[in-house]
């Protein structure tokens, strides 16, 4: 079994490339794409870009009416209801999707929450881990027949915040004290580990998986942060204007996920973490960017998959899918 080296490949794109830049010349006619949360922030740019390349795009959303309003007028895009924090909702959406769309070519796990107050969902799960990771784990496994049929690319939107922490195996759901940033960091690590193990499981079927850091972008993802916190961090000024020149625009922020989902340069590759429209290198001590070793460890990835399958009851690769 071969693995893709975690180092840049010289894609020709960079931090300021836009989603339209990276999809230029790519024809997705006849392709079906699914983008969770693709109706807000950088997520909104992704279905627009994929549809402009000819794809039929499905956007499942926790707020389907808001999704319809946001995506109104974009040809080739349809919406449906999906609450990633509710496994019954995930299963129902998957059943509807498979009835209407037998094949998936691109699946982008874009939806997520960041640094929210302590919130419990389902059987008491921590909401960031449940929404950002467990819901997507269940979705991908439910949709596996269509994903395998399409030889799809599955792309998980992680964050540089994966560097905050690895998996907290002794207290995954923060039952012994909640820290919103530790919880976010763990969820983002889980996104990377998910891609590592899905790629290992799916590559014989032609399915490849990627994770990525989109960059820093001001979007509704920051809804749980106080203005004073963002001012103190140097992200915005007192008037609410962007103050950090390293932040990207939404079209720039969407570029890496569109690149990971469509670039012919990634043919035959997978299981890697991307940033700035290229494969990232290993994170160095004191260096900006890169992927931390705890997020790409195959043993950690397999352990997370087993835990996720047990918690959700869904494993398309297990001896029995307990759905």
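The values are calculated or read from the model by the stated rules, or taken from the named source; none is laboratory data. None of the values given here were measured: they were computed from a predicted structure. With ideal geometry, Cβ positions are generated from the backbone for all residues, glycine too; neighbour counts draw on all protein chains shown.
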Quiz item: Where residues in the stretch 79-107 are over 18 Å from the mean Cα position of the chain (by Cα) and part of a loop (DSSP other than H, G, I, E, B), which of them is farthest from residue 33 (Cα to Cα)?
Solution: 102
Quiz item: Name the helices (runs of 4 or more DSSP H) wholly within the stretch 1-74 that hold at least 1 residues that are modelled with pLDDT under 95?
Solution: 42-52, 64-71
Practice problem: Scan (1) within 30 Å of residue 124 (Cβ to Cβ); (2) out of contact with any strand residue (DSSP E or B) (no Cβ under 9 Å at 6 or more places or on another chain); (3) surrounded by 19 or more Cβ atoms within 10 Å (Cβ to Cβ) for the single condition residue 91 breaks and write down its number. | Solution: (3)
Practice problem: For residues that are loosely packed, with under 15 Cβ neighbours inside 10 Å and at pLDDT below 95, scanning just the stretch 283-307, find the one that is farthest from residue 250 (Cα to Cα). | Solution: 285
Self-check item: Which numbered condition residue 47 fails, given (1) touching a helix residue (DSSP H, G or I) at 6+ places or on another chain (Cβ under 6 Å); (2) under 20 Å from residue 146 (Cα atoms); (3) crowded, with 19+ Cβ neighbours inside 10 Å
Solution: (1)
Self-check item: Residue check for residue 99: out of contact with any strand residue (DSSP E or B) (no Cβ under 6 Å at 6 or more places or on another chain) and either crowded, with 24+ Cβ neighbours inside 10 Å or at pLDDT 95 or above (or both)
Solution: yes
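Regarding residue 113, is this residue within 18 Å of the chain's Cα centre (by Cα), at pLDDT 95 or above, outside any helix (DSSP H, G or I) and closer than 21 Å to residue 44 by Cβ?
On the way: within 18 Å of the chain's Cα centre (by Cα): yes; at pLDDT 95 or above: no; outside any helix (DSSP H, G or I): yes; closer than 21 Å to residue 44 by Cβ: yes.
So residue 113 fails the test.
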Practice problem: Would you be able to say whether some residue in the stretch 120-143 is outside any strand (DSSP E or B), surrounded by fewer than 18 Cβ atoms within 10 Å (Cβ to Cβ) and in contact (Cβ under 8 Å) with a residue 60 or more places away in the chain? | Solution: no
Practice problem: Restrict the check to the stretch 35-42 and report whether at least one residue is within 11 Å of residue 259 (Cβ to Cβ), out of contact with any strand residue (DSSP E or B) (no Cβ under 7 Å at 6 or more places or on another chain) and surrounded by fewer than 24 Cβ atoms within 10 Å (Cβ to Cβ). | Solution: no
Self-check item: Counted residues, the stretch 69-88 - those being over 20 Å from residue 53 (Cβ atoms), buried (at least 16 other Cβ atoms within 10 Å of the Cβ) and in contact with a strand residue (DSSP E or B) (Cβ under 8 Å, 6 or more places away or on another chain)
Solution: 4
Quiz prompt | Only listed residue being assigned to a helix (DSSP H, G or I), closer than 25 Å to residue 17 by Cα, more than 13 Å from the chain's Cα centre (by Cα) and modelled with pLDDT of 95 or more, chosen from 203, 265 | solution = 265
Self-check item: Condition met for residue 209 (surrounded by 23 or more Cβ atoms within 10 Å (Cβ to Cβ), touching a residue at least 40 places away in the same chain (Cβ under 8 Å) and not in a helix (DSSP H, G or I))
Solution: yes
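Identify all residues within the stretch 173-193 that are in contact with a strand residue (DSSP E or B) (Cβ under 6 Å, 6 or more places away or on another chain) and more than 9 Å from residue 158 (Cα to Cα); write none if there are none. Even if it seems obvious, please write down each step before you answer.
Residues of the stretch 173-193 that are in contact with a strand residue (DSSP E or B) (Cβ under 6 Å, 6 or more places away or on another chain), as a first pass: 173-174, 183, 191-192.
Once the filter is applied, which keeps residues that are in contact with a strand residue (DSSP E or B) (Cβ under 6 Å, 6 or more places away or on another chain) and more than 9 Å from residue 158 (Cα to Cα), the stretch 173-193 yields 173, 174, 183.
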